[in-house]
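A.B. asks: Below: one structure in structure tokens.
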Amino acid sequence: TRMHGSLLLVDSIQAGLRAHGVLSVVDYPGFEQLDPPDLETYSKALNAAQYPLSVLAVTEHAAQVYRKGTYGNTMTTNPRALDVACATLALFTPQVRENIRTRGAQAIAKLEALQSELGGLITKVQGTGLLFSC
């Protein structure tokens, strides 16, 4: 995107903390040295999917493109939603983050065993953390 002068948006609403126990794609194993996206969206991971909240994180460059006053009220701040997000994120201890990775590896192993048992009904097992598919 840098070469073309465009912005990169990463949608972390579905994956979020479930993938590796980290919030942002820039904290995923193997991605730490990459430039952050210009914009990254968050939602379910911030509020345990229990309270309406979404966040658009932006780089300084992307923030300069933003024009105040031209967007609807879905971008306004809700203090209660922010309290829910802070309380939820406070619960994500290193132990919880490790549990996400451990349980995800166990689930993948069980799905791969099931794949072997079902003789071709499951063609592919993939995933990371608690975000997987088959």
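The values are calculated or read from the model by the stated rules, or taken from the named source; none is laboratory data. Just so you know, these numbers come straight off a predicted model, no measurement behind them. Every residue, glycine as well, gets a Cβ built from its backbone with ideal geometry; the counts of neighbours run over all protein chains shown.
A.B. asks: So residue 114 fits all but one of (1) more than 18 Å from residue 7 (Cβ to Cβ); (2) at pLDDT below 85; (3) of a type outside the set (Val, Ile, Thr); what number is the exception?
C.D. replies: Just one mismatch for residue 114, condition (2).
A.B. asks: Test residue 7 against the stated conditions and say whether it is within 15 Å of residue 97 (Cβ to Cβ), touching a residue at least 12 places away in the same chain (Cβ under 8 Å) and not in a strand (DSSP E or B).
C.D. replies: no
A.B. asks: Restricting the range 25-41 to residues that are modelled with pLDDT of 85 or more and in contact with a Ser or Thr (Cβ under 7 Å, 6 or more places away or on another chain), which is farthest from residue 98 (Cα to Cα)?
C.D. replies: Step by step, filter the range 25-41, then rank; the result is 38.
A.B. asks: Within the range 29-43, can you find the residues that are surrounded by 13 or more Cβ atoms within 10 Å (Cβ to Cβ), without any contact (Cβ under 8 Å) to a residue 24 or more places away in the chain and more than 15 Å from residue 62 (Cβ to Cβ)?
C.D. replies: Selection gives 31 alone.
A.B. asks: Still on this structure, I have one more. Taking the criterion of being within 27 Å of residue 8 (Cα to Cα), surrounded by 12 or more Cβ atoms within 10 Å (Cβ to Cβ), of a type in the set (Gly, Ala, Ser) and in the same structural domain as residue 1 (by TED's automatic domain parsing), would at least one residue in the range 70-84 satisfy it?
C.D. replies: Yes, there is a match, as at least one residue in the range 70-84 is within 27 Å of residue 8 (Cα to Cα), surrounded by 12 or more Cβ atoms within 10 Å (Cβ to Cβ), of a type in the set (Gly, Ala, Ser) and in the same structural domain as residue 1 (by TED's automatic domain parsing).
A.B. asks: While we're here: Condition first: within 30 Å of residue 1 (Cα to Cα), over 18 Å from the mean Cα position of the chain (by Cα) and touching a residue at least 40 places away in the same chain (Cβ under 8 Å). Can you find one or more residues in the range 63-84 that meet it?
C.D. replies: Within the range 63-84, one or more residues are within 30 Å of residue 1 (Cα to Cα), over 18 Å from the mean Cα position of the chain (by Cα) and touching a residue at least 40 places away in the same chain (Cβ under 8 Å).
A.B. asks: For residue 63, indicate whether it is under 15 Å from residue 13 (Cβ atoms), modelled with pLDDT of 85 or more and assigned to a helix (DSSP H, G or I).
C.D. replies: no
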